[in-house]
Amino acid sequence: MTSDAEIVWPADWQPEAVAAVVPYLGSDERLRIVVGPPETSLSGTVLAGHVYVDDGVATIVHDRSGRPDVYPWRLLAGPVLRIELLRPRRRPLVLFAHPAWPENRA
């Protein structure tokens with residue numbers, strides 16, 4: 001198992017965003033991660049799926065069924081705007097929200 005200090009995280013990820021994802025590495029839980037510059041992003045770039053470590057690199061895959069048409073992605077460079085835990089038949093649980101992104105202001 002790779003320790004948290006040995007995981008390669010994308011450039012410009014905030015320590016708080018990394019801390020929000022670490023408990024879900026390799027779990028059955030699905031996350032929705034939005035990245036982009038907070039000053040100019042309207043909706044950001046979104047990845048959703050299972051987060052795990054592949055050869056020391058933080059990676060995400062939408063579907064773990066093993067189908068040949070499903071490919072893993074390295075997590076995208078930050079800054080991270082929002083991280084949500086996706087829960088069936090319930091609202092997503094916000095794990096991290098960038099305070100400077102207008103979409104996160106209530």
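Each reported figure results from applying straightforward, stated rules to the coordinates on display, with no laboratory input. Note that the structure is a prediction, hence the values are computed from the model and not measured. Note: ideal-geometry Cβ built from the backbone for every residue, glycine included; neighbour counts use all protein chains shown.
Annotations
- Each Cα pair under 8 Å and six or more residues apart adds its separation to the average, and for the range 4-104 the resulting relative contact order is 32 percent.
- Given +1 at the Cβ of Lys and Arg, -1 at the Cβ of Asp and Glu and no other charges, the dipole of the range 4-104 around its Cα centre is 540 debye to the nearest 20.
- Kirkwood Rh (inverse of mean 1/r, distinct Cα pairs), the range 4-104, angstrom: 13.9
- Gyration tensor verdict on the range 3-63 (Cα atoms; rounded if a/c is under 1.5, prolate if a/b is larger than b/c, oblate otherwise): oblate
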